[in-house]
Amino acid sequence: MLRSTKDLQNYAIGATDGNVGQVKDFYFDDQAWVIRYLVVDTGSWLSSRKVLISPISLTSPDWAARTLPAAITREQVKNSPDYDSEKPVSRQHEMQYLGYYGYPYYWGGIGMWGEGVYPYAMLPGNAHTGLDRGELEAAEAAYSRAEQEHHRNDDPHLRSCQAVIGYHIDAQDGEIGHVEDMIFDEDTWAIRYIVVNTSNWWLGHKVLVAPAWITAVRWENETVAVALSRAAIQAAPAYDSAEDLNRERESRLYKHYGRTGYWTGDAKPEREHEQEH
């Protein structure tokens, strides 16, 4: 099912021995368009310290109770590596973080999450999608200290979802609105759409744009460029957050733009993402 990042604001993160805080933001990978971390405010028990929680830690969400249970303890969260919310998350910090929790690295494989698609498959003790236990151990052994050192200074391309809200949308023939929200898959944590508010042009009109149709994210001037015309966006099916975004509505959206749905087995990326920094 698809969920809104705005809807998850203030959801509780439940450790195995009690709540650890509330969701305040997300860090997403601006190349793969996958949410890599939840930013959680721990509240009074840790002096409102903000910590990162990986989707790998999360188990079965309790949507009715607005709680995301996690297979970690409060003590683990308390002793987890600090991060500076004013600076980008570095690859070195990710290595420290994932190593602290005993999680494998998600980069280097062909899937969204290492060799697989689902983050929970990377939790120790779970079946890793795409690899059996013997293959997994062999792969982890092959990831030598030298290889870790090689990736230590990688740019992980992690960005704050909150920071992107409000970015202007540049169509092929001019500005068309701004980013209002992001929609992600609750199983894979892949961002499937950005919600574009075009109310400056058409009162109350919101539409969806898939990451595959984005040609550039220009962080220096806070714009997102899309390979779509203003007319095509204007004529796109309107998005209503009160309605279930089911496969029928998604299919109608993709048909409007003449694109192949991401859910089809033979779907190919429609263009390379050109990230501008």
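Quick one: if the Förster radius is 51 Å, what FRET efficiency do residue 231 and residue 107 give, using the C-beta to C-beta distance and rounding to 0.05?
0.85
What GluC sites (Glu not before Pro) does the stretch 1-101 have in DSSP loop regions with at most 16 other beta carbons within 10 Å?
86
Sort the following peptides by mean Cβ neighbour count (other Cβ atoms within 10 Å, averaged over residues), highest first: 243-255, 95-107.
The packing order, highest mean first, is 95-107, 243-255.
Separation between the residue 6 and residue 219 pseudo-spin-labels, each 7 Å from Cα along Cα→Cβ, expressed in nm?
Inter-label distance under the simple model: 2.5 nm.
Would you kindly state how much longer the chain becomes between residue 242 and residue 66 on full extension, computed as 0.36 nm times their sequence separation minus their alpha carbon distance, in nm to one decimal?
61.6 nm
Hey, can you rank 256-262, 65-71 by average C-beta count inside 10 Å, highest first?
Answer by packing, highest mean first, reads 65-71, 256-262.
Where a number appears in this text, it was derived from the coordinates with a stated rule and is not lab data. Bear in mind the structure is a predicted one, so any value in this text is a computation, not a measurement. No Cβ is skipped: glycine too gets one built from the backbone with ideal geometry, and neighbour counts run over all protein chains shown.
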